[in-house]
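Worksheet for the structure shown next.
Readers should treat all values here as calculations from the given coordinates under stated rules, not as data from a laboratory. All values reported here derive from a predicted model rather than from experimental measurement. Cβ placement follows ideal geometry from the backbone for every residue including glycine, while neighbour counts extend to all protein chains displayed.
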Amino acid sequence: MDVLCRAVLVLTHAAAKAMRERGHGRIINVSSVAVFIAGSSYSAAKSYVTVLTELVAGRLAGTGVTATPVCPGFVHTEFHQRAGLAMTGMPEFVWLPVQKVVREALADAGRGRVVSIPGRGYRPLSACCASHRARSPATRGSSTGTEKASNIDRHQDLSPISPGAHPMSFPSSSPRRALALVASGATCVGLLAAGLPSASAAPEPAPQAASTAATGKFLKLWSAEWMAGQKSFTTAQAQDLARRMSVIVAMRGKFTKDIAAMKAANPSLKVLAYRNATFGGKGYADSLYAKNKSGQKIYARKWPTTFLMNLSSPAWAAEVGKSCVELITVSKYDGCFLDVLGSGPLMGNYLSSMPVTNGKQWTHPQWIGWADDITVAAKKATGGKTVMGNGLGNGRRYFSTTMSSKGLVAGNDGMEPELFVREAHSPVGAYYSETNWKQDVDMMIDVQNKGSRVLSMTKLWTNASETQKNAWHKYALATFLMGSNGNSYFCFLRDKNAGASWGAHPFNQIDIGTPTGSYAKIGTGMYARNFTKGKVVVNVGKSSSGLRLTQGARTLDGARVSGSVTVAAHSAEIFQY
């Protein structure tokens, strides 16, 4: 009982508490199909695991943390051999490979399914599972989401078994985890031995935690609503937007009247207040403005009433933090989004003149360091609320040896590269080189490995036909899927129309499952990544290239394909099985 029940209780409690505090995570407890057969004390113990996990799932609803009991049947491990059980009479079709159990368990957890039963042959048990769930305390809805979450702090609310002398917890400094395998027995050993699929092409730490969007899908969306600028939303429109999005960035008060309805539609939604972190208007103390070598204020050429601020001043960092607190309080939002954190204004003709400090012109590393200080100040002022920002640029800038934007990652909960796979106003036929394209993907992986998220932004703000818009949409989405670990957010603005930020296009609604491995080069200019429900392919080369599918699939355009297919130059395809 200590191993089968008490250990699961204590570890589930510790994982749930730590994950709830940071607002995201997945708990998977390994149970068994034995829960549906009243045949032994093992069945009773595994029933305890299942009901406990369902209870936790119910009480964590709306917190961004999910809990799923996995009930596998016969799995090819050493479990039965160690137990001294002769299984030679069992037909081969009842056995499941470990890899299949892992893959389906992760997929079900990602979809938010309360109970996972891997293997098509065991699916009829789902009817029994549904009956079982109907009797479970997790499905009775007797308390609010807040009350359910708060009950995680009390052991007795999870189970009548007291943890006793097992005071276990996760330190606040532990790495973010996407998954807690809280289980016991040889089946769990087999699952762990199989390993989890990597989300990058390079060695990385444990998979990063994925925020739970309303859809529960691997593909998560964010809306740069302030950028598209629809003047107003009806409550129904606001709720519709909330159901699709994991993060919405909006101007002060834009959604205040509908925020409760939006959270009801998607409890895990985060709405962030927009704030320009490095520029301001008139009315500040003179010492807070940046100056050129002549001692004059510096303005943005496109916005001549917007002035560059003295980023090196702690007083300006404090002002931004104070502003974030006011925006969050008045708007009833969840956090702050800091724009123009990157050093892009130092390039080109953005500024009316160049800023200096002590007679020396600002450098890119100085700007990034000061911008990070502003982020830290905002995080502290808001009491640790969500702070995300814009400033990575793209992979080329991120990995630059002279103007790298990497320094912005550590202080932020998420960062936007505004030039992801293309520059907004470039001609529709202009593409990044293979090297620069790959840097965008590797940038995503590196940011995620540092414990943060990417809010990818691709803008097609140029003349383009609907066919060209769809092609770029697929190209940006497929590139995003190459690098995402399920923890980042995608946004594609097909044009400058007000509705562009809604994200309602069918391409954004796909469910391709979860990755089974890293992205990899499969031919000249050709890259691919496999998922449990499909395959993503991008051809960044200058000529068409062939590919052979191992099974029939459907493209995003609805065409059924199989066997050998051709992927055109500078294009992408997402094959759904």
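Some observations on this one:
- The packing ranking, built from the mean of other Cβ atoms within 10 Å per residue, places the peptides 52-59, 445-452 in the order 52-59, 445-452, highest first.
- The Cβ shell under 12 Å around Gly389 holds other residues with a net charge of -2, Lys and Arg each +1, Asp and Glu each -1.
- Report note on the peptides 524-530, 313-319, 357-363: ranked by the mean count of other C-beta atoms within 10 Å, highest first, their order is 524-530, 313-319, 357-363.
- Length added when fully stretched, Trp95-Ser544, from 0.36 nm per residue minus Cα-Cα: 157.4 nm
- Long-range amide H partners of Tyr274 with built H, under 5 Å: Ala250, Met251, Arg252, Phe337
- Projected label distance in nm at Phe399 and Thr435, using a 7 Å step from Cα toward the beta-carbon: 1.0
- Considering only region 291-387, percent of DSSP beta bridges that pair antiparallel, nearest 5: 75
- 5 angstrom amide H check on Leu455, placed H, neighbours 5+ away: Met415, Glu416, Tyr489
- Extending 7 Å from Cα along the Cβ direction at Thr234 and again at Arg554 yields two label points whose distance is 3.0 nm.
- Computed from backbone phi, the HN-Hα couplings of region 101-109 come to 4, 4, 4, 6, 5, 5, 5, 5, 5 Hz, rounded to whole numbers (Karplus: 6.51 cos²θ - 1.76 cosθ + 1.60, θ = phi - 60°; Gly and Pro given as x).
- Peptide ranges 291-301, 506-516 listed from the most packed, as the mean C-beta count within 10 angstrom indicates: 506-516, 291-301
- Placed amide H near Tyr299: partners under 5 Å, 5+ positions off or other chain: Leu308, Ser352, Ser353
- A simple rule links phi to the HN-Hα coupling: the Karplus curve 6.51 cos²θ - 1.76 cosθ + 1.60 with θ = phi - 60°, which for region 490-501 gives 10, 9, 10, 9, 5, 6, 9, 5, 4, x, 4, 7 Hz, with x for Gly and Pro.
- When each of Lys220/Lys535; Lys469/Lys535; Lys231/Lys379; Lys220/Lys521; Lys17/Lys270 is checked by Cα-Cα distance, pairs over 23 Å: Lys231/Lys379; Lys220/Lys521
- Across region 364-520, the relative contact order, built from alpha-carbon pairs under 8 Å that are at least six residues apart, equals 19 percent.
- If only the Cβ of Lys and Arg carry +1 and only the Cβ of Asp and Glu carry -1, the dipole of region 250-385 around its Cα centre is close to 220 debye.
- Our estimate of slack between Ala315 and Ser426, defined as 0.36 nm per intervening residue step minus the Cα-Cα distance, is 36.1 nm.
- Karplus-based coupling profile of region 323-333, in residue order and whole Hz: 5, 4, 4, 5, 5, 5, 5, 5, 7, 6, 8, with θ = phi - 60° in 6.51 cos²θ - 1.76 cosθ + 1.60 and x standing for Gly or Pro.
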